[in-house]
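Data first, discussion second: the structure below is written as structure tokens.
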Amino acid sequence: MSKPFDYSKWDNIELSDDEDDVHPNIDRESWFRMKHRSRVEREEREEADKKKIKAEMENANLRMKELKNVLESLEAGEDSDDELEDKEGLEAELESLKSANKARQQKLDNYEKNKKWNVDNMCHVVEERTIVNPRAAEDKFSDSGFALPADEKNTAIDPGTAASKNIDSVATAEIPKKIESEIAQKISRDKNQTVNVASKPTVQTVKPAPAPVKKVSGPSHASISMLSYHDFVEKYADVMEDFMKISSLNESRDFLIKHGDIMLQENASNYLLLASLEDEMNGFREKMRLTARQSQLISNIAELAKTMKTHPGNVINPFFKRLEEKVHYDGFMVGLENFVQNLIKRAVVKRKEIDEERAREEGVDLKDIPKEERLGPGGLDPVEVFESLPASMQEAFESRDTEKLKKALLEMSPQEAEEHMKRCVDAGLWNEG
């Protein structure tokens, strides 16, 4: 049986702030400092005494070695320079030195046995080294707050406010035009698609298509991320689709913590945004609302990270913690509803653009499309509105010349120009974005 460990040396641990014998009239902190200073001075005295004893032992050992050599010479009968060497005296001196060293060693052992352990002598550094990460100073997030790909390079904020900033631009700038155009082309090739919110259409969902890669010189980190959209979608489409199906906020938080390196990139945000638009165009209103909410979670986290100038992964928990408060949750839902309404308007306009493009390609007159299918976002018939416009405005719309349209509007009174443009917007002939 192996010998058990001896833990007795830890029985005598001394702490300078563990002294209860302090008089009420003495400041406690001053008492601790005095006890600490006394301990340090005592240890310094002990260390000095140990060094002195060790030095004496070394000198004694040298003398003992010398005496042993002399005695060995005398026993061997070798000639000596001093014929008066007293063998008995040398042996007595040798024994005296041995006894003295034994006493000194006992004193050192006694010091070690009664040593008081404290924070300064309980541990010592065995190895010390510094490792410098050459990429430690690099930001792993873009200026917009999104995470950058791994191979590239709490200010309070209301979640609803952050959502509104992204929502206002959904109809124009926030949807990448090249990506959106490819979605439109795919949808336009399906002649049998219907956009009927009331009935569930049997339409195969088209995934957001990748953007064509455009060569640029010296791209920034953000542009590098956008250039890799095609590869990003091919590699992580399944992960993003799984996130789009999550209805629970807690599960969404856990998913983002686990897959934040993927879902917090700008490519993922664009994918969800385009998927929301596509779902609305295909008539999947409930699915669109869920996808839109998931998209806004990512956008809000990125906005918060941008404000705090930190990686978006660092604000996942703080963001969801704020959503637990009713005032912030309500603000988020208001922003989400505005986002959804803009998506609905954008889907109507986009669908009309697709139908018009298809009509031009096939040579089909817009009048041949059923009236209920060609109504604009404001409920007006674009054919009727177009025919009611002045000839100058009709010519501008037919030629798609904005300068001609401006000139035609300037020739009218402000009230008449405003009325015509409002009817054009409601009919889908003009996009306010």
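The values are calculated or read from the model by the stated rules, or taken from the named source; none is laboratory data. From a predicted model like this one, the values you see are computed outputs, not experimental measurements. So basically every Cβ, Gly included, is an ideal-geometry build from the backbone, and we count neighbours across all protein chains shown. With ligands, DNA and RNA removed, areas are computed over all heavy atoms of the protein, side chains included. Shrake-Rupley method; radii C 1.70, N 1.55, O 1.52, S 1.80 Å.
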In region 384-400, is there at least one residue being over 26 Å from Gln341 (Cβ atoms) and within 47 Å of the chain's Cα centre (by Cα)?
-> yes
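Condition first: within 14 Å of Asp242 (Cα to Cα) and open to solvent by 10 Å² or more (accessible area, probe 1.4 Å). Now tell me which residues in region 270-291 satisfy that. First the steps, then the outcome.
Of region 270-291, the ones within 14 Å of Asp242 (Cα to Cα) are 271-272, 275, 287, 290-291.
Answer for region 270-291, where residues must be within 14 Å of Asp242 (Cα to Cα) and open to solvent by 10 Å² or more (accessible area, probe 1.4 Å): Lys287, Leu290.
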Hits in region 319-328 (condition: exposed (fewer than 15 other Cβ atoms within 10 Å of the Cβ) and assigned to a helix (DSSP H, G or I)) = Lys321, Lys326, Val327
Only one of (1) of a type in the set (Val, Ile, Thr); (2) over 16 Å from Leu290 (Cβ atoms); (3) modelled with pLDDT under 50 is not met by Val233, so which one is it?
-> (3)
Could you tell me whether any residue of region 360-370 is modelled with pLDDT of 80 or more, at negative phi and out of contact with any strand residue (DSSP E or B) (no Cβ under 9 Å at 6 or more places or on another chain)?
-> no
Odd one out for Val22, checked against (1) touching a helix residue (DSSP H, G or I) at 6+ places or on another chain (Cβ under 6 Å); (2) modelled with pLDDT of 80 or more; (3) among the β-branched types (Val, Ile, Thr) = (2)
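Just a yes or no: is a residue in region 405-423 among the hydroxyl-bearing types (Ser, Thr, Tyr) and at pLDDT below 85?
First pass over region 405-423, keeping only residues among the hydroxyl-bearing types (Ser, Thr, Tyr): 413.
Retained after the next criterion (residues that are at pLDDT below 85): none.
For region 405-423, residues among the hydroxyl-bearing types (Ser, Thr, Tyr) and at pLDDT below 85: absent.
Condition check: over 47 Å from the mean Cα position of the chain (by Cα) and more than 22 Å from Asp355 (Cβ to Cβ). Does Lys404 satisfy that? So that I can check it myself, show each step before the final result.
Details: over 47 Å from the mean Cα position of the chain (by Cα): yes; more than 22 Å from Asp355 (Cβ to Cβ): yes.
When the stated conditions are applied, Lys404 passes them.
Out of everything in region 373-404 that is in a loop (DSSP other than H, G, I, E, B) and of a type outside the set (Gly, Ala, Ser), what residue ends up being farthest from Ile344 (Cα to Cα)? Even if it seems obvious, please write down each step before you answer.
Restricting attention to region 373-404, the residues satisfying the condition of being in a loop (DSSP other than H, G, I, E, B) are 375-381, 389-390, 400-401.
Those still in the list that are of a type outside the set (Gly, Ala, Ser) too: 375, 377, 380-381, 389-390, 400-401.
On the way: Leu375: 14, Pro377: 9, Leu380: 16, Asp381: 18, Leu389: 26, Pro390: 30, Arg400: 24, Asp401: 27 Å.
This residue is Pro390.
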Mind listing whichever residues of region 368-383 are exposed (fewer than 14 other Cβ atoms within 10 Å of the Cβ) and not basic (Lys, Arg)?
-> Asp368, Pro370, Glu372, Glu373, Gly379
Cβ-Cβ under 6 Å pairs, at least 6 apart or on other chains, region 336-352 side farther than 14 Å from Asn282 by Cβ, far side β-branched (Val, Ile, Thr) and open to solvent by less than 50 Å² (accessible area, probe 1.4 Å) = Asn338/Ile167; Phe339/Ile167; Asn342/Ile167; Asn342/Val170
Could you check Leu15 against (1) in a helix (DSSP H, G or I); (2) at pLDDT below 90; (3) surrounded by 11 or more Cβ atoms within 10 Å (Cβ to Cβ) and say which number it fails?
-> (1)
Residue list for region 122-138, restricted to those being open to solvent by less than 90 Å² (accessible area, probe 1.4 Å) and modelled with pLDDT under 65 = Ala136, Glu138
From the list Leu273, Leu264, Leu277, which residue is in contact with a strand residue (DSSP E or B) (Cβ under 6 Å, 6 or more places away or on another chain) and at pLDDT 70 or above?
-> Leu264
Hey, among the residues in region 412-433 that are outside any helix (DSSP H, G or I) and surrounded by 12 or more Cβ atoms within 10 Å (Cβ to Cβ), which one's farthest from the chain's Cα centre (by Cα)?
-> Met412
